[in-house]
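Below is one structure, written out as structure tokens, with a few remarks after it.
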Amino acid sequence: MGCSRLFILCFVLNVAHCLDTLDPGGERIVEITHNITAFLGEDVYLSCSYLGESEIQSAEWKRQVNSKNKFKRLAGFVHGKPFSRDYISEPDSLTNLTVKMEVSSVEAEGEYICEFESEEELYSDSVYLTVVARLDEVQVLVNAETINGSDYQSVSCSAVGGRPMPQISWLVAGRPPSDDTFSVDVSETVHSNGTSTLSSILRFPTHLQDEDSVTCVVQHPTLPVPKLTTVGVETYTRPNVSIKAEMVQRGGSEFWVVSCISSGGRPDADIALALNGDEELQREDNSDSVVLPAAVYEGRNVTCVFDHPKFIRQVSRVITLPSFYLSGVYLLHSELGSNSDDFQGPESLEVQEGQRDTVISLQVTGNVPHYNVACQKDDGPLPDGVELVGSSLTVQGPVEHRHAGLYECFFSYRHVNATLKFNVTVKPQVIRPVPPTIRVDLQTEGGHSVIECSAADAVPAASMSWLLPEGVSGVSWFNLTSHNGSHSVRGVLLLPACSPWELTAECVINHPALEEPENRSIALPLCARPKITINSSTEWKDGDEFTKVDCSVDSVAPAATISWHVGNVDNSISYQSQTEVQADGSVSARCSAHVLSSLYSGQNLTCTVKHPSLEAPEKRTIHILVHKAPLLSVSLVRRQDSPLWLAVCDCREEGVGADLSWVLPENANGQTSLHSKHEGRIKARLTYQFPLALHEGQDLTCVYRFEHGATEKKTIHVPRYHISSVRVLNHTSPLQNRYGGETIAHRLALQENLRNQRVLLRVEGNVPEYDLICKRSDGSFVQMDGVAMVFQSELTEQDEGLYCCRAFFYHHTATVNIQVEVTSEDEQLALAAIICISSALAVLLILVVTLWVCCKGNSSSQYKKKESLSALTSLMQEPGSPEVKKPAVTEINSKEITQLVSFSIVLDVKSTV
């Protein structure tokens, strides 16, 4: 009983697995998108596919018309032939009713039914198509109007030609407009083609709106984001108002120009001028200014009245024109003053005899624009040498006793005036010794040190001398200048620009105001060490190498002495010297020698420099190099434009020529060529051109021969390449020769009606690169993508056949044959069904045998067991070992059962695709 239940359970599970493999989507029959949105004037795809297994007799798209039971056929298949309307394309197949429909009007919106009909049943489903229209444009216009003296603006925003109806909103300063200032009117217009236009008008008084732009926001399902359109509008700006008065002169008279100023406002403010708030003044030349005589309008008020839409009421600005007065005149020296109304007597001013550039400044206090000044001395004219400049008395030259006396100056402007009297006394001059101001300075000019010592502003003049170190001499001179009774002495000492030792020069000054002579010392700068530069260069001339050596010394004057010597001995060589003086006073000396390199090969050339700033001569050395052996290098080059290879031997030689040759194998028959050029050294290149097959795996040697018979060699190895095979990476089965048993092709199955199927290949070998081509049996080439054959179009039975792929690198080659077979989905399903049924029968057979053995084991004798085992062994025909195939020996039951369970059943299910 237990064995029967186990058998039934296994059979049911196996059949369910097979049914699931044959029909993986049993519940899904029709695949369709139920809701589609289409754009007016564009194309839309209606997709509907049948996924079941029934054979479809007819299929069509249809649409319900006026009555409920009346339908209009649009596209489909009837009796195996496709049909469609003018604005709908033909469907792909009986099971795939995908069509392209042109949406020319909004009447296309509605429900479309997809229907498949087989012999047994009718399958149908529907899709609802929603038609929307993109907006043609968004129009924004700004208009201005005046109502009852107030300015208004209206902004119109229209969204044209949309479906469904768009939405329009407004933003002012990033926020929706307020209801108390702005009003919005909306209107709709429906067009004959089913679209509509929505217009919104935003209206506001100009003086209540402070933003210079507004934004129209249009929202519609066809727009990914709302469309914002910003336009500029007029705004009123509150002006800044002020009043100012400026005095000008016209025809010798003074006038006040009173200006009313309004800035930054929009629109311009209305301005009116009035005097004392009552009398309105006339503007000149349509300006906001008025010109008033200064003498007539002293102390009067002028008012500017401003009117603007941003003002709640009129704004006034008042300015009071000043009354002119002279409050007094003062001496800047004594800061004492007097005036004509309260005269207290003249003031005294004391000046020093002999004083120069004396200026007596008179300070006037008041607000008059200008005034007239007249001065006299002792009721007479001013003395010679005293002049009135502006409001100051200037004494030309030194002050004398005749300049003393009573001075009186009169200041007046129209009806106002002021007077100043002052008494000038001259103090006699007393000469006192004044010590000098001593200063020492050092400068470098023209290759010399210039030391300047000055004793300035002394009374009387100081005496000066120089104190120099022993052995140092220089050029010196002195000069004397006087100014305002003081005297200045300047001494100059000229010395060399620098010194190799620390030296100090002293300036000695004697003067009556000094208790003892003053000394000022200054240290001479140490000479900078010379800058020595040495270099060498080589050149070839008439087959000989020459070395040019240069030794340059930059130093202060005088120029350095330079010489060349060989080694450490005093063996001089011929050289040329030249000297050049620089703009800063330094001197450049240069010494050059031109020698034969072979004559001084391996030796040192020494440059010796002597200069006063050096305690001992300095030396610099250059080593002349020994003649170098040639540099050999060999390389192997693959020619891109030729099947030949190139062996290259490069040589760099310091001589005048290169003796190069190739040592080649006996079978060499290539072409050699030699090229050389001279670039300070000889560069030679010897090439050998040959086919790869000629020297593959061999060595090529380049030999350089010296003049004395010695040689230098460089060898390069030509690699040995091979291509062993071309492998197919896709799953294949071999096709063997029926006589020899060798594989003649690889059988490969590809699926029918699929695009971009690939056959992957791999080349086995050690070649660095290769070319891979594939051909059909008729000789036509197959498209390749790297190492893969590509079938871009859908495969049909015409693509079946034998394909040959060949990989080659020069003379190395390998091929592979591929038998391509195209299978359909029906064949694959049939093969899967055969495999499932075979598997189920195998399981069934195993269960039957197992059940039979279990039942017989309980009821039969030992003899019957042996017969059963013998019958079962012959039935199963196991290809077992010889020990298994021997006749059974009478043993205990456990041994017989062990021998029974060691058997196996082999089922060979073969199929041919």
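The values are calculated or read from the model by the stated rules, or taken from the named source; none is laboratory data. Small disclaimer: the values here were computed from a predicted structure and weren't measured. Don't worry about glycine lacking a Cβ; one is built from the backbone with ideal geometry, like all the others, and counts go over all protein chains shown. Note: accessible area is taken over every heavy atom of the protein model, side chains too, but ligands, DNA and RNA are not part of it. Shrake-Rupley method; radii C 1.70, N 1.55, O 1.52, S 1.80 Å.
Could we say that THR222 is touching a Phe, Trp or Tyr at 6+ places or on another chain (Cβ under 8 Å) and farther than 30 Å from HIS370 by Cα here?
yes
Exactly one condition in (1) part of a loop (DSSP other than H, G, I, E, B); (2) over 47 Å from the mean Cα position of the chain (by Cα); (3) among the polar types (S, T, N, Q) is not met by SER187; state its number.
Checking SER187 against (1) part of a loop (DSSP other than H, G, I, E, B); (2) over 47 Å from the mean Cα position of the chain (by Cα); (3) among the polar types (S, T, N, Q), the one that fails is (1).
Name the residue that is modelled with the highest pLDDT, counting only residues in the stretch 541-576 that are in a loop (DSSP other than H, G, I, E, B), open to solvent by less than 70 Å² (accessible area, probe 1.4 Å) and more than 30 Å from THR444 (Cβ to Cβ).
Checked the stretch 541-576; the qualifying residue modelled with the highest pLDDT is ILE573.
For a quick check of your reading of the model, give me the residue pairs whose first member lies in the stretch 686-708 and is in a loop (DSSP other than H, G, I, E, B), whose second is at pLDDT below 90 and among the hydrophobic types (A, V, I, L, M, F, W, C), with beta-carbon atoms closer than 9 Å and at least 6 apart or on different chains.
Listed pairs, sorted by first residue: GLN698/LEU664; PHE706/ALA629.
Got a number for residues in the stretch 83-97 being closer than 19 Å to GLU119 by Cα and surrounded by 15 or more Cβ atoms within 10 Å (Cβ to Cβ)?
Of the residues in the stretch 83-97, 3 are closer than 19 Å to GLU119 by Cα and surrounded by 15 or more Cβ atoms within 10 Å (Cβ to Cβ).
Find all pairs meeting these conditions: Cβ atoms under 8 angstrom apart; at least six residues apart or on different chains; first residue within the stretch 286-304 and aromatic (Phe, Trp, Tyr); second residue not in a loop (DSSP other than H, G, I, E, B).
TYR297/TRP256; TYR297/LEU275
Restricting attention to the stretch 138-178, which residues are closer than 24 Å to PRO309 by Cβ, touching a residue at least 12 places away in the same chain (Cβ under 8 Å) and part of a loop (DSSP other than H, G, I, E, B)?
Across the stretch 138-178, the qualifying residues are ALA173, PRO177.
Table: residues versus (1) open to solvent by 70 Å² or more (accessible area, probe 1.4 Å); (2) farther than 30 Å from GLY252 by Cβ; (3) in a loop (DSSP other than H, G, I, E, B).
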site: PRO383; (1), (2), (3): no, yes, yes
site: GLU408; (1), (2), (3): no, no, no
site: PHE411; (1), (2), (3): no, no, no
site: ALA418; (1), (2), (3): no, no, no
site: LEU442; (1), (2), (3): no, yes, no
site: ALA455; (1), (2), (3): no, yes, no
site: ALA461; (1), (2), (3): no, yes, yes
site: SER482; (1), (2), (3): yes, yes, no
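It is to be established whether one or more residues within the stretch 197-216 are in a loop (DSSP other than H, G, I, E, B), among the polar types (S, T, N, Q), open to solvent by less than 30 Å² (accessible area, probe 1.4 Å) and touching a residue at least 60 places away in the same chain (Cβ under 8 Å). Give the steps one after another, and end with the answer.
Start the filter on the stretch 197-216 by keeping residues that are in a loop (DSSP other than H, G, I, E, B), which leaves 209-212.
Next, from what is left, pick out any that are among the polar types (S, T, N, Q): 209.
From the residues that got through so far, the ones that are open to solvent by less than 30 Å² (accessible area, probe 1.4 Å) too are 209.
From what's left, touching a residue at least 60 places away in the same chain (Cβ under 8 Å): none.
Checking the stretch 197-216: not a single residue is in a loop (DSSP other than H, G, I, E, B), among the polar types (S, T, N, Q), open to solvent by less than 30 Å² (accessible area, probe 1.4 Å) and touching a residue at least 60 places away in the same chain (Cβ under 8 Å).
With respect to LEU632, is the statement that it is surrounded by 14 or more Cβ atoms within 10 Å (Cβ to Cβ), in a loop (DSSP other than H, G, I, E, B) and hydrophobic (A, V, I, L, M, F, W, C) true?
Values: surrounded by 14 or more Cβ atoms within 10 Å (Cβ to Cβ): yes; in a loop (DSSP other than H, G, I, E, B): no; hydrophobic (A, V, I, L, M, F, W, C): yes.
It is false that LEU632 is surrounded by 14 or more Cβ atoms within 10 Å (Cβ to Cβ), in a loop (DSSP other than H, G, I, E, B) and hydrophobic (A, V, I, L, M, F, W, C).
Okay, residues lined up against (1) touching a residue at least 12 places away in the same chain (Cβ under 8 Å); (2) part of a strand (DSSP E or B):
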position	(1), (2)
SER793	yes, no
GLN798	no, no
LEU802	yes, yes
ALA807	yes, yes
THR815	yes, yes
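So for the stretch 525-534 (the condition being farther than 20 Å from SER613 by Cβ, part of a strand (DSSP E or B) and open to solvent by 50 Å² or more (accessible area, probe 1.4 Å)), does at least one residue qualify?
Let us first name the residues in the stretch 525-534 that are farther than 20 Å from SER613 by Cβ, namely none.
Checked the stretch 525-534: no residue is farther than 20 Å from SER613 by Cβ, part of a strand (DSSP E or B) and open to solvent by 50 Å² or more (accessible area, probe 1.4 Å).
So which residues in the stretch 286-336 are of a type in the set (Lys, Arg) and either at pLDDT 85 or above or assigned to a strand (DSSP E or B) (or both), if there are any at all?
Result: ARG300, ARG313, ARG317.
Of all residues in the stretch 420-440 being part of a loop (DSSP other than H, G, I, E, B) and β-branched (Val, Ile, Thr), which is least open to solvent (accessible area, probe 1.4 Å)?
If we take residues in the stretch 420-440 being part of a loop (DSSP other than H, G, I, E, B) and β-branched (Val, Ile, Thr), then VAL430 is least open to solvent (accessible area, probe 1.4 Å).
Looking at the structure I just gave you, is ILE716 open to solvent by less than 60 Å² (accessible area, probe 1.4 Å), at pLDDT 90 or above, in contact with a strand residue (DSSP E or B) (Cβ under 6 Å, 6 or more places away or on another chain) and more than 25 Å from THR815 (Cα to Cα)?
On the way: open to solvent by less than 60 Å² (accessible area, probe 1.4 Å): yes; at pLDDT 90 or above: yes; in contact with a strand residue (DSSP E or B) (Cβ under 6 Å, 6 or more places away or on another chain): yes; more than 25 Å from THR815 (Cα to Cα): yes.
Judged against the criteria, ILE716 is a match.
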